[in-house]
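Each reported figure results from applying straightforward, stated rules to the coordinates on display, with no laboratory input. Just so it is clear, the model here is predicted, and its values are computed rather than measured. Cβ: placed from backbone, ideal geometry, glycine included. Neighbour counts: every protein chain shown.
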Amino acid sequence: MQFYNSFCITKTENDFAKNAAAGVKRLDCLCGNAEFSAAMFKKYGFLGRLILPAKVALNQKSLLAAQELGYPISILVDLLDDEQTINRVAMLGLPTTVILYENLTRTGEISQKYGGKMPAEVLEDLGFLDRECTIVGGMYADKEDLQILGDYSARIVLCPRAFAEKGGTFANLKLLKKYDIKLSLGTFDFEEIDFLREIEFLRLTNCALHEARDAATEKELLKLAQGENL
């Protein structure tokens, strides 16, 4: 069985080895060293993309070197970063990845920083939704935000066990599907890479959330873990 880990923080070879052992064939990894990650992709036969921190991507030499590795590139954006950094990333016009709606505190801080605007409105104003934009988190997005994200065909990466461990709420699959949000699964920084357990956790939490045994089926969640949109 082959899985798509659509957001994983990688630091050492062990992180890549665990993904390979868990049946991951496509991997989108946040990496500080693009050359090392590309070498790991080749060693373990991964497809996928390299997600670069903004400080790496804004170094022209580092960005060009990463682009020459032959893998798709995305830039990690922090909406609480300084205005100059965010605007410079926006000007690059490259695909972006944003950790967003993962808890109420940061969601509120972002809204406060931008004069009460919803985070999705901020992404829209900055032009990030006009290109490929991936949201990691999504549990605390409200209906207005989801409507905007769905209109732009943005993708939300659910990291069920990682964010539950951090004290967040659970992903509401029924709500996300209502707004035509593209969905995929990731492991973020969770120590264990096991997509069958991610699927079971997501199934159980959604069945409990909606008090219905068929709120999320194993069959549809398996498709999600393999990179197929619901």
message: What's the total number of residues in segment 139-159 that are under 13 Å from Phe7 (Cα atoms) and surrounded by 22 or more Cβ atoms within 10 Å (Cβ to Cβ)?
response: 4
query: Going through segment 114-155 one residue at a time, which ones are in a loop (DSSP other than H, G, I, E, B), of a type outside the set (D, E, K, R) and closer than 19 Å to Asn229 by Cβ?
result: Gly138, Met139, Ala141, Tyr152, Ser153, Ala154
task: Output the residues belonging to segment 181-230 that are aromatic (Phe, Trp, Tyr) and on the phi < 0 side of the Ramachandran plot.
output: Phe190, Phe195, Phe201
message: Considering only segment 79-90, I want to know if a residue exists there that is over 23 Å from Leu123 (Cβ atoms) and basic (Lys, Arg).
response: no
query: Looking at (1) polar (S, T, N, Q); (2) within 23 Å of Asp214 (Cβ to Cβ); (3) surrounded by fewer than 17 Cβ atoms within 10 Å (Cβ to Cβ), which is the one condition that is false for Ser184?
result: (3)
message: I'm trying to understand the selection: among the residues of segment 91-109, which are assigned to a loop (DSSP other than H, G, I, E, B) and more than 16 Å from Ala162 (Cα to Cα)?
response: Gly93, Leu94, Pro95
- prompt: Counting just the residues of segment 91-115 that are more than 18 Å from the chain's Cα centre (by Cα) and over 23 Å from Thr169 (Cα atoms), which one comes out surrounded by the fewest Cβ atoms within 10 Å (Cβ to Cβ)?
  reply: Gly115
message: Filter segment 187-230 down to the residues that are surrounded by 16 or more Cβ atoms within 10 Å (Cβ to Cβ), of a type in the set (Ser, Thr, Tyr) and over 17 Å from the mean Cα position of the chain (by Cα) and list them by number.
response: Thr205
message: Residues to consider are Val122, Val89; find the one that is under 23 Å from Ile51 (Cα atoms), touching a helix residue (DSSP H, G or I) at 6+ places or on another chain (Cβ under 6 Å) and not polar (S, T, N, Q).
response: Val89
message: Tell me whether segment 27-38 contains one or more residues that are in contact with a Cys (Cβ under 8 Å, 6 or more places away or on another chain) and touching a residue at least 40 places away in the same chain (Cβ under 8 Å).
response: yes
- request: Could you figure out which of (1) of a type in the set (A, V, I, L, M); (2) farther than 14 Å from Ser6 by Cβ; (3) touching a Lys or Arg at 6+ places or on another chain (Cβ under 6 Å) isn't true of Ile193?
  value: (2)
- request: Of the numbered conditions (1) within 24 Å of Lys25 (Cβ to Cβ); (2) within 17 Å of the chain's Cα centre (by Cα), Thr169 fails exactly one; give the number of that condition.
  value: (1)
